[in-house]
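Notes follow once the structure below has been shown.
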């Protein structure tokens with residue numbers, strides 16, 4: 001076998017192999033080391049809801065002028081990373097207690113920040129014999145961010161707010177209307 005050591009053959013552990021066979025043998029012996037462990041994906045971090053106020057319908061930049069008992073559909077697009085926590089959207093008038101009607105409070109399924117979602121809530125202007133100016137607020141937060149006993153916010157940084165000024169046009173004017181914002185700024 002000494003005549004085979006000239007270069008074409010190699011003796012490994014007493015076995016004579018061609019160089020090509022040696023390459024295959026070496027490749028087979030390290031093959032298990034090529035594949036790494038699967039990547040570990042971490043749970044995405046929850047973000048507050050980001051409301052697209054520029055695209056809100058009706059626009060937040062104008063005073064809504066509506067008669068009493070008029071239906072208004074509120075639509076606001078938003079993005080949020082919910083990490084499995086549903087969202088709650090509520091309407092408040094003058095940021096007092098939310099409306100008792102269940103239509104003014106929605107539970108939204110959890111989603112990811114890459115999804116563009118829309119909140120749609122129906123609202124009816126309150127009955128009022130006189131014209132008044134009211135502030136309508138949409139509050140959006142994660143359900144786990146609400147205190148179960150009081151239903152109040154736990155973390156005020158995990159909330160999205162949209163505010164509309166609404167002039168409810170009754171039969172008579174109220175001094176309150178003087179403080180209602182006007183289109184173009186000012187009061």
Once both labels are modelled 7 Å past Cα along the beta-carbon direction, what's the residue 50-residue 62 spacing in nm? 2.7 nm
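Starting with the fewest neighbours, write out 172, 125 ranked by other beta-carbon atoms found within 10 Å of each beta-carbon. If you can, show how the numbers build up before the last one.
Numbers: 172 8, 125 22.
Lowest count first: 172, 125.
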Sorted largest first, the Cα spans of region 50-179 on the principal axes come out in Å as 50, 33, 23
Distance between modelled label sites at residue 40 and residue 96, nm, 7 Å Cα→Cβ extension: 5.3 nm
Please report the spacing between the Cα centers of region 110-152 and region 45-81 in Å, no decimals. 9 Å
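Which of the three applies to region 50-91, rounded, prolate or oblate, going by the alpha-carbon gyration tensor with a ≥ b ≥ c and a/c under 1.5 meaning rounded? List each step's numbers first, then the result.
Numbers: a/c = 4.23, a/b = 1.91, b/c = 2.21.
Oblate, since a/c reaches 1.5 and b/c is not below a/b.
Rank these for me by crowding, 120, 131, 105, 36, going from fewest to most other beta carbons within 10 Å.
Working: 120 11, 131 19, 105 16, 36 6.
Ranked by crowding around the Cβ, least crowded first: 36, 120, 105, 131.
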Potential extension, residue 77-residue 144 segment - 0.36 nm per residue separation minus Cα distance: 22.0 nm
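Quick note: the coordinates plus some simple rules give every number you see, no bench work behind them. Only a predicted model underlies this, so the values are computations on that prediction, with no experimental measurement involved. Don't worry about glycine lacking a Cβ; one is built from the backbone with ideal geometry, like all the others, and counts go over all protein chains shown.
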